[in-house]
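Presented below is the structure to which this report refers.
What follows is calculated from the coordinates using simple rules that are stated; it is not laboratory data. Computed from a predicted model, the values in this text were never measured in an experiment. Reconstructed Cβ throughout: ideal geometry from the backbone, glycine too, with neighbour counts over all protein chains shown.
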Amino acid sequence: MAGPSPRWTNVALVVSAVGFLTFEFAIVSPKAQTGTSAPALAPAVSVVSAAKDPGPRGGDAGAGGPVEGLSGPELEYFYNSLDEFSDTEEVSLGLGPRMNLDSCKGCHVQPAVGGTSPALNPQVVFATQDNASDSVPAFLTSNGPAREARFVRNADGTPDGGVHAIFTISGRPGADGCTLRQPDFDAEMGRHNVIFRIPTPTFGAGLIENIPDSAIIANASSDAAAKGALGIRGRANFQVSGRTITGQTNNNGNDGTISRFGWKAQNKSLLLFSGEAYNVEMGISSELFQTEREEMGKCQFAKVPNTVTNMAAATPFEALSAIEKFAIFMRFLAPPTASATTPGGAPSIGNGKQLFGAIGCALCHTPGLQTGDSTVAALRDKPVNLFSDLLVHDMGVGLADGVSQGEAGPREFRTAPLWGLGQRLFFLHDGRASDLIAAIRAHRSTASEGNGVVGNFNQLSEGQKQDLLNFLRSL
Ligand code: HEC
Ligand code: HEC
C-alpha cells in the first residue's frame with residue numbers, strides 16, 4: 001500500500017439514469033459494464049437491517065508514542081518535547097492577552113497527547129477558571145468539540161477569515177489592570193458571520209511533512225479513468241469544478257511548494273503550525289510570530305516575543321524555543337495503529353476496505369503515500385497510510401465555510417486523513433458530526449466533488465455499509 005497508486009483503489013462506475021441535481025452515479029453490476037474493469041463489489045459480511053456507526057473504538061489508544069526507529073537522542077528530544085506540548089501556560093509567561101486555551105494538549109489529547117478534541121471540552125471550564133469571568137459562547141458546550149472561531153467578513157464586508165480568540169486574561173492571575181472584552185460572538189452569529197474549526201490530530205505528522213511534492217502530484221493524476229468515470233475528465237479544476245474528483249494542491253505563496261497541514265492544507269510545516277498555534281490559540285509570540293495579536297498596553301506582562309532561543313542554555317535541547325519543541329514532538333509522533341479485528345471482525349473489516357476502494361472513497365482518501373529522503377532515518381522512505389491525497393477538493397455548498405486560505409477557496413477542504421478515525425469523537429472541519437454516516441452524507445451537496453461517491457455509498461446494502469463503517473472504525 002506504500003506506492004502512490006494502490007491498485008485496489010481502481011474502480012469502475014458508470015452514470016445512472018437517475019438524476020441527483022444534474023448528475024448522479026450508480027453502481028452497476030459487473031455484467032452490465034462494457035469496456036471497464038469490473039467493480040467487484042464484495043457481498044456483505046455483516047448481517048444487519050440498518051447499518052450504524054459502531055462508535056469510537058475502545059481499548060488502548062493506538063497512538064501517542066514515538067515513531068519506530070528513532071535514535072537514542074531523538075527519543076530523548078521526543079519525550080522532553082512531549083512535556084512542553086503538555087505544559088499549561090500562564091500570563092507571566094506570555095499567555096494571552098487573548099487566547100482560546102492555555103495548552104496545546106488541552107485541544108490535542110484524544111485518544112492520546114497530540115490527538116484531537118477530548119470528550120469534555122476544556123474551554124468551558126477555562127472560561128471562568130482562576131477568577132476569570134469570560135462568558136462561554138453558544139458554540140462551545142461541555143460535551144461538544146473544542147473549537148476556534150473565524151469570522152467570514154469584516155464589518156465593511158471585505159473578507160476576514162481570521163481566528164478571533166474567544167477568551168481574555170482579564171481577571172486571571174498576573175493580569176492585574178487588564179480589562180478586555182470578548183468579541184461579540186452573539187452579534188456575529190446573528191449575522192451568520194462565524195465559522196468553526198476543530199483540532200486535527202497530529203499523529204504521524206512527521207511522515208506527512210516528509211512526503212515529497214512529486215508523490216502528491218503523481219497521486220493526483222493517478223486513477224484518472226476511475227475519477228473520470230465518476231464525473232468529468234480534466235484535473236486542473238478549481239472553484240467551478242463540482243463534477244469531478246480531481247482536487248488540487250494548496251501551494252505555498254512564496255516558494256510554490258505544496259502546503260499540507262490544517263483543514264484547508266493551509267500550512268507548510270509543523271514548525272510554522274507550532275508558531276501560529278502558539279500565537280493564535282494561546283496568544284504567545286515567538287521568533288516566527290514576533291508581535292502580539294493584542295497589543296493593548298495594560299495587558300502586556302511578558303517580554304516580546306514571549307518565547308525565544310535560549311542562548312545561555314546548558315544543553316542543546318534547553319536552547320530550543322518552545323515552538324521548535326512542539327514541532328519535534330509532533331514530527332516524531334507515530335502514526336495511529338489500526339485494529340485488524342475491531343470492530344466487527346477481520347472479514348468485515350477486510351470487506352469494508354475493499355468497498356472503500358470500490359465505491360470511490362479511496363479516490364480522495366488515498367490509502368497510502370510514501371515519504372522521501374529525510375535527515376531522520378525513521379522518517380525516510382516510509383509508507384504513510386494516511387487515507388488522504390493531501391489535495392483540497394470542492395466539497396460543495398453544504399460544507400462551504402466561505403473562507404479562503406492560500407489557494408484553497410471557500411468551498412474547498414483538504415481530504416481529511418482518516419488514520420486514527422476509529423478513536424476520534426468529532427468529525428468534519430467544524431465538528432458538526434459525531435456519527436460516521438452523518439459525516440459521509442455531509443459530503444453530498446450542490447456542486448460537491450463527493451456527490452457521485454455518496455450516491456454509490458447510498459446504494460450499498462445495509463450489510464455492505466456496515467462492513468465499510470467497521471473498516472473506518474478499525475483505523
Ligand atoms: C483551542 C484549541 C487549540 C489549541 C490550544 C491548539 N490547537 Fe492545534 N489545532 C486546533 C484547530 C482548531 C486546528 C485546525 C485549524 C485549521 O485548520 O483551521 C488545529 C490544528 C493543528 C495542527 C495541524 C495538524 C494537521 O495535520 O492538520 C497542528 C500541527 C497543531 N494544531 C499544533 C498545535 C500546537 C503545537 C499547539 C500549542 C502551541 C496547538 N496546536 C494548540 C486547535 C487548537
Ligand atoms: C471528493 C473527495 C472525497 C471523497 C470522494 C470522499 N471524501 Fe471523505 N472527506 C473529504 C474531505 C475534503 C473531507 C473534509 C471535509 C470537511 O471537513 O469539511 C472529508 C472528510 C471525511 C470524514 C471525516 C473525517 C474527520 O476527521 O472529520 C470521513 C469519515 C470521510 N471523509 C469518509 C469518507 C468515506 C467513507 C467516503 C466514501 C463513501 C469519502 N469520505 C469520500 C473528501 C472526500
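Observations
- Within a straight-line Cα-Cα reach of under 22 Å, residue 303 can be paired with the following lysines, leaving aside sequence neighbours fewer than 8 residues apart in one chain: 325.
- Helix 322-331 and the longest principal axis of the Cα set of the chain meet at an angle near 20°.
- Normalised radius of gyration (Cα atoms, divided by 2.2 N^0.38 Å) for region 365-424: 1.40.
- The Rg/Rh ratio for region 263-338, using Cα coordinates for both the radius of gyration and the Kirkwood hydrodynamic radius, is 1.05.
- Straight-distance crosslink candidates among aspartates and glutamates, where the alpha carbon sits under 13 Å from residue 52 and sequence neighbours closer than 8 are dropped: 435, 462, 467
- Placing unit charges on each Cβ (+1 for Lys and Arg, -1 for Asp and Glu) gives region 390-475 a dipole about its Cα centre, and among 446, 429, 406 the Cα reaching farthest toward its positive end belongs to 429.
- Rg and Dmax over the alpha-carbon atoms of the chain stand at 22.7, 77 Å.
- Translational diffusion of region 352-475, µm² s⁻¹ [Kirkwood Rh, Cα pairs; Stokes-Einstein; 10 °C; 1.306 mPa s]: 103 µm²/s
- Hydrodynamic radius by Kirkwood, which averages 1/r over all alpha carbon pairs of region 291-430, in angstrom: 19.4 Å
- Charge dipole magnitude, Cβ of K and R +1, D and E -1 - region 133-215, Cα centre, debye nearest 20: 160 debye
- Net charge of neighbours whose Cβ lies under 14 Å from the Cβ of residue 310, counting Lys and Arg as +1 and Asp and Glu as -1: -2
- For the residue pairs 227/268; 227/382; 105/268; 105/465, the C-alpha atoms sit more than 23 angstrom apart in 227/268; 227/382; 105/465.
- Segments 455-465, 150-160 sorted - mean Cβ within 10 Å per residue, highest first: 455-465, 150-160
- Cα gyration tensor category, rounded, prolate or oblate, for region 82-216 with a/c compared to 1.5: oblate
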